Amino acid sequence: MQKRASEGNLRKLQVNHPPIDFCSNDYLGYSKLNAKEEIFVKGESINRSSNLFGSTGSRLISGNSHQTELLETEIAAFHSAEAALLFNSGYDANLGLLSSIANKNDLILYDELCHASIYDGMRLSFAKHYKFKHNQVKNLKELLDRHHASYSSVFIVVESIYSMDGDTAPLKQIADLCKSYLNCYFIVDEAHALGVFGKDGRGLCNELAIEKDCFARIYTYGKALGVHGACVVGSNELRDYLINFARSFIYTTALPIHSIDAIQQGYQLLKLNLGMNDLTNNINYFLESKNGINGFIESESAIHSLILGNKEKVEELEKTLAANQIYAKAIKSPTVKSGTERIRICLHAYNSKEEIDLLLSVIRKNQGN
């Protein structure tokens, strides 16, 4: 960063641009059309229910706005961080963060069940990376003791709630472990914890009071918030660094204003606790009602995976559920390891107890119970 600044090459976001546009990618001017304007194409009127509001370019060129920066300030405050930076998706956020922060002198240690976006981000960095056994703090400590002295920085990467298993990472133990090493930095992907855990759905790091122990946290909006996009929260320095070095941020068209609006509204709904009590009640009801069914991975989240162990069994159950008007997805190799094929169930605030009863009844019949 200092080298960039000394050479006059440090990137900074702008929100005020000259009015005559010879810069953006808005070639046909669609982003400037008013929602109430009547549009004629080949003599026919097109009535639009909403406007396009394109962002016109990357945030470093023409796609930045006061509204986007205001939202980032609000997100940072909500998640008890100095700063936040929006990305177009959770995949982009993990890719940009992990590919840029670690270099050839660094090490990344990651849980073996981390999401593909985390793995791809590490692979694009110049850092050495090793996996540790799922949720095994002892194995992680062994790797740290063996390798930490050989690297400038060690980044530990986990998900708070794992997307395929639905189980919970031992975040407090890992955060405490990091404090024992001067060069160790903790990164947590909260994709499946946002809206489910913590005060006003702030996530599992909030529930466990370890937000300040994390170097970076990733929050994605395609899950509980039901919209699109993601953000990385951390220090002001981290935000400035990502603006300058995270390729998935630099070289992509910014989120349009309607997406910014949607994320902002999602956070407002979280603050109102809309749906959270209903979701918690449904999770508890599901946990109480699934007794006697073999194969469920232990989970207190909204994700519950029933391991059936082969492709044929999960496909058969998926079809049986569909015949009963139930949509639950069969997850097969290579998304999960061969032999751990499963039906993945996602609970929602809007599911009724009758729907949960029907789901479990079909599964019991399928197992011969």
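Data overview
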{"read-out": "Distant-in-sequence amide H partners of G203 (H built 1.01 Å from N, under 5 Å)", "value": "G195, V196, F197, G198"}
{"read-out": "Residues K138 and E354, FRET efficiency given R0 of 35 Å [Cβ-Cβ distance, rounded to 0.05]", "value": "0.20"}
{"read-out": "Å² per residue, accessible surface of segment 115-246 at 1.4 Å", "value": "41 Å²"}
{"read-out": "Accessible area of the chain belonging to carbon and sulfur atoms, whole % at 1.4 Å probe", "value": "50 percent"}
{"read-out": "Cβ-placed point charges (K, R +1; D, E -1), dipole of the chain about Cα centre in debye, nearest 20", "value": "740 debye"}
{"read-out": "Helix-only [θ]222 nm of the chain, DSSP H runs n ≥ 4, -39500 (n - 2.57) each, per residue, nearest 500", "value": "-10500 deg cm²/dmol"}
{"read-out": "Kirkwood hydrodynamic radius of the chain, Cα pairs, Å", "value": "22.6 Å"}
{"read-out": "Amide H contacts under 5 Å for I345, placed H, 5+ residues apart", "value": "H304, S305, L306"}
{"read-out": "For segment 172-307, share of DSSP beta bridges that run antiparallel, in % to the nearest 5", "value": "60 percent"}
{"read-out": "For segment 63-210, the spread of Cα positions along each principal axis, largest first, Å", "value": "46, 31, 29"}
{"read-out": "Mean projected area (nm²) of the alpha-carbon convex hull when segment 46-142 is viewed from all directions", "value": "10.0 nm²"}
{"read-out": "Equivalent-ellipsoid semi-axes of segment 278-350, from the Cα gyration tensor, Å, largest first", "value": "21, 14, 11"}
{"read-out": "Value in Å of the Kirkwood radius, where segment 172-282 supplies the Cα pairs that are averaged", "value": "15.4 Å"}
{"read-out": "Magnitude of the charge dipole, segment 133-269, Cβ model with Lys/Arg +1 and Asp/Glu -1, debye to 20", "value": "200 debye"}
{"read-out": "Relative contact order %, segment 179-226, counting alpha carbon pairs below 8 Å whose residues are six or more apart", "value": "41 percent"}
{"read-out": "Residue order for C346, C114 - accessible surface, 1.4 angstrom probe, largest first", "value": "C346, C114"}
{"read-out": "Residue-normalised accessible area of segment 296-337, given per residue in Å² at a 1.4 Å probe", "value": "59 Å²"}
{"read-out": "Kirkwood Rh and Cα Rg combined as Rg over Rh, evaluated for segment 133-213", "value": "0.99"}
{"read-out": "DSSP bridge pairs, the chain: antiparallel proportion in percent, nearest 5", "value": "55 percent"}
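The values are calculated or read from the model by the stated rules, or taken from the named source; none is laboratory data. What you see is a predicted model, and the numbers here were worked out from it, not measured in a lab. Virtual Cβ from ideal backbone geometry, glycine too; neighbours counted across all protein chains shown. Areas reflect the complete protein model, heavy atoms only, side chains present, ligands, DNA and RNA absent. Shrake-Rupley method; radii C 1.70, N 1.55, O 1.52, S 1.80 Å.
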